[in-house]
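The values are calculated or read from the model by the stated rules, or taken from the named source; none is laboratory data. What you see is a predicted model, and the numbers here were worked out from it, not measured in a lab. FYI the Cβ positions are ideal-geometry reconstructions off the backbone, even for glycines, and counts take in every protein chain you see.
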Amino acid sequence: MGERDISRRAEHLTSVPGPDPAPDAAALLLDVSRGDEKAFGKLYDLVAPRVYGLIRRVLRDPAQSEEVAQEVLLEVWRSATRFDPGKGSATAWIFTIAHRRAVDRVRAEQSAADRTARVGAATIDMPFDSVTDEVAARLERQQVRHCLDELTELQRQAVILAYYQGNTYPQVADLLRTPLPTIKSRMRDGLARLRDCLAVGAAA
Amino acid sequence: MSADVHSLIGAYALDAIDDLERAAVDRHLRDCHDCRAEIAELREVAARLADGAWSVPPPQLRETVMAGIANTRQLPPEPAARPSATGPSRRMRLIAAAAALVAAAGTGSVVYAVQDHRVDQQRQLTEAAQASEARTRAVLAAPDLVVREQPLTSGGRVTVASSRLRDAGVIMLAASDAPADGRVYQLWTIRGGTPSSAGALHEGQSVIVQIVDGLPSSSEVGVTLEPAPGSATPTAPLEALVKLI
């Protein structure tokens, strides 16, 4: 499958914080910023599984995830003109939008009415088991997973509970029964350690 | 305070902070070159975590998105100049009003927020307003924007700005007071005579900027006072009804 080849290639080319992890993404985004719909199709194939996967990981509910992924991808099209390669990689730009949107949705939901919708969501979730398995298998091979394992337990949990589950740091502190300042520090030094590990992996 | 803000850098990169704190960090970043570099670096790392979340998107998503871009105008290359509060046109005033709602939500609370105090009501208000700020600005900048306003029976007003080009609209509710007795303001869009919820405010909340996709295909926007946390269909008389056609 073409997508898989591309994403795996991107993995090996990645260096953090080096040049664009996927040079393709930056080039495509440039074409997209000039209104190139074909380039957007290619960019979609390159990033959509990660955009959708990330949102799904945070939100869980497949229908909601699809909706947010759609918003995010349209936003990428709409504001491709605002991407500044000098400020970071194309993929980081895209996944930052995706993550922010997913988290915004979580926060809105946490304070909103519909608790029942979330119970329902857990039921709808089931048919995706096969997908989940595939993702899990993929994860095993991935460098980022390896590097997460290199973190201390507290760093790893702080990063995962925040990034993949959309918790705020006070919520993470509650969940881990750890003082706030400690959590803030673990997030920061956890990311720094992750950065070093990912950079080494890319050089290898 | 600077030290406090600085300690939030990791949480900031993980989107694990609320909007007040984010605003405080953003402000700090403007003056701190080293912090900007560190944030950019940590953001790159955080984004790599998306690699670990690979999942097959539903097949119809591609089709929907590709169809969507065909109908979506791209932003002009340079960021639009920040609208001034004294702008002459109605739209400028409107953007300023939306910005003011957002700003008012944040004012004065930042110091407390970064000291780990939760100012719940204000935080919720800011979240609601800021989450949609960028998209709100985009809709409000649409060339075909139509703006309508109605007073609320209970005091205050509701403003509806909608754009067919963007196929979206923004509802701005600014009530004079937050409702009492466990009731909340709820927004409705009415299409073919059927109301559907466009979001309910929290208890104690009196201001919201809500972006609504597909708003131009609705005939009216209604506002009611519902028992918290909102209702599935309107149960109370209308506080305001804004006709869109």
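Residue by residue, here is whether (1) among the polar types (S, T, N, Q); (2) touching a helix residue (DSSP H, G or I) at 6+ places or on another chain (Cβ under 8 Å); (3) not in a helix (DSSP H, G or I) holds:
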site	(1), (2), (3)
A:L28	no, yes, no
A:V32	no, yes, no
A:G35	no, no, yes
A:F40	no, yes, no
A:D45	no, yes, no
A:V51	no, yes, no
A:R56	no, yes, no
A:S65	yes, yes, no
State yes or no: is B:S197 of a type in the set (S, T, Y), assigned to a strand (DSSP E or B) and in contact (Cβ under 8 Å) with a residue 12 or more places away in the chain? yes
Considering region A:32-57, residues that are under 12 Å from B:S55 (Cα atoms) and either of a type in the set (K, R) or in contact with a His (Cβ under 7 Å, 6 or more places away or on another chain) (or both), and then whichever is surrounded by the fewest Cβ atoms within 10 Å (Cβ to Cβ), we arrive at A:R57
If you go through A:I160, A:I183, the only one that is touching a residue at least 12 places away in the same chain (Cβ under 8 Å) and under 18 Å from B:H6 (Cα atoms) is A:I183
Among (1) aliphatic (A, V, I, L, M); (2) modelled with pLDDT of 85 or more; (3) surrounded by fewer than 21 Cβ atoms within 10 Å (Cβ to Cβ), B:M1 falls short only on (2)
Counted residues in region A:63-110 being surrounded by fewer than 19 Cβ atoms within 10 Å (Cβ to Cβ), of a type in the set (G, A, S) and facing chain B (nearest Cβ under 8 Å) come to 2
**OP:** Tell me, please, whether a residue that is at pLDDT 85 or above, crowded, with 19+ Cβ neighbours inside 10 Å, assigned to a strand (DSSP E or B) and hydroxyl-bearing (S, T, Y) can be found in region B:165-186.
**Re:** yes
Considering residues that are within 10 Å of another protein chain (Cβ to nearest Cβ) and either surrounded by fewer than 15 Cβ atoms within 10 Å (Cβ to Cβ) or not in a helix (DSSP H, G or I) (or both), the number found within region A:147-164 is 1
TODO: Please indicate, with yes or no, whether at least one residue in region B:222-241 is under 30 Å from B:I69 (Cβ atoms) and surrounded by 19 or more Cβ atoms within 10 Å (Cβ to Cβ).
DONE: no
In region A:171-189, anything more than 7 Å from chain B (Cβ to nearest Cβ), surrounded by 18 or more Cβ atoms within 10 Å (Cβ to Cβ) and under 20 Å from A:V58 (Cα atoms) is listed as A:A173, A:I183
message: Looking at the structure I just gave you, is B:R43 in a helix (DSSP H, G or I), surrounded by fewer than 18 Cβ atoms within 10 Å (Cβ to Cβ) and without any contact (Cβ under 8 Å) to a residue 40 or more places away in the chain?
response: no
When every residue in region B:11-48 that is more than 10 Å from chain A (Cβ to nearest Cβ) and under 19 Å from the mean Cα position of the chain (by Cα) is compared, the one nearest to A:D84 (Cα to Cα) is B:D26
